[in-house]
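Chemist: Let me begin by handing over the structure; questions about it come next.
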Amino acid sequence: MPAVAAPGNCSLGAGTCLGFTHKLSPGPMPKIRIHTKCVTEPIKQEHDGLRLAVTRYLPRGVRRSRYHAWLPNLAPSETLLHRFQAGKVSWAQFSKSYQVELFESAAVDDDNPRIKNHGQKFTLRLIKELAAHQPVTLLCSCGAGEMHCHRHVLKKLLESSKV
Ligand SMILES: [Zn+2]
């Protein structure tokens, strides 16, 4: 991660600069805090921090006030989801294919030979950066004890060096 500006050298000037970007000095990445939850579990604002719904479909009957943002682009594709739900792919295959999808290019990338922008890597990097400054909670509609939910795969991916 490149350094942005040395403290005191920010172009925004003292009093305007938000400050936290100065922590981007070369060195180890601050510890990131990423949690996962079922979207209907009790909200604990201090623990949860930024609540991101990462579902392909908006959970039915779930109020907008239960999450800060909905990012369907970070969910498995409808095709993959349906294949897993129908038992046509194993959990291991599902989690592997899901991660491949997150970095996949698409037709729009043919117009962008220098920076491929369809894959979700930039969104993932942003979430990782946010999680270094505040807790981030990834929400899905799968139940609280459901281990075969993509939110756990997404958390692991964000915590890895792949992002
Ligand atoms: Zn889920």
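Derivation of every value follows stated rules applied to the coordinates shown; laboratory data play no part. This structure is a prediction, so every number in the text was calculated from the model and none was measured. Here Cβ is always computed from backbone atoms with ideal geometry, including for glycine, and neighbour counts include all displayed protein chains.
Chemist: For the residues Thr79, Thr123, Thr36, Thr137, what sequence is obtained by ranking on other C-beta atoms within 10 Å, fewest first?
Modeler: On the way: Thr79 10, Thr123 14, Thr36 22, Thr137 27.
Sorted ascending by nearby Cβ count, the order is Thr79, Thr123, Thr36, Thr137.
Chemist: Could you calculate the contour length gain from Cys38 to His118, that is, 0.36 nm times the residue separation minus the distance between their Cα atoms, to one decimal place in nm?
Modeler: Values: separation 80, 0.36 × 80 = 28.80 nm, distance 2.75 nm.
That works out to 26.1 nm of additional length.
Chemist: Contour minus end-to-end for Ala106 and Ser161, with contour as 0.36 nm per residue of separation and end-to-end as the Cα-Cα distance? If you can, show how the numbers build up before the last one.
Modeler: On the way: separation 55, 0.36 × 55 = 19.80 nm, distance 2.35 nm.
Using 0.36 nm per residue and subtracting the Cα-Cα distance, I get 17.4 nm.
Chemist: At what distance in nm do the modelled label points of Glu46 and Arg83 sit from each other, each positioned 7 Å from its Cα along Cα→Cβ?
Modeler: For the pair Glu46/Arg83, the computed spacing is 4.5 nm.
Chemist: Follow-up question, since we're still on this one. Taking the Cβ-Cβ separation of Arg125 and His152 as r and a Förster radius of 25 Å, what is the calculated FRET efficiency to the nearest 0.05?
Modeler: Working: r = 20 Å, r/R0 = 0.79.
For R0 = 25 Å, the calculated efficiency reads 0.80.
Chemist: Another question, then. Kirkwood Rh over alpha-carbon pairs of region 31-159, then Stokes-Einstein at 10 °C and 1.306 mPa s: what D in µm² s⁻¹, rounded to an integer? Mind dumping the intermediate values first?
Modeler: Numbers: Rh = 15.4 Å.
The calculation lands on 103 µm²/s.
Chemist: Taking 0.36 nm per residue of separation and subtracting the Cα-Cα distance, what length does fully extending Gln93 through Arg64 add? Please list the in-between numbers first.
Modeler: Values: separation 29, 0.36 × 29 = 10.44 nm, distance 3.21 nm.
Stretched fully, the Gln93-Arg64 segment lengthens by 7.2 nm.
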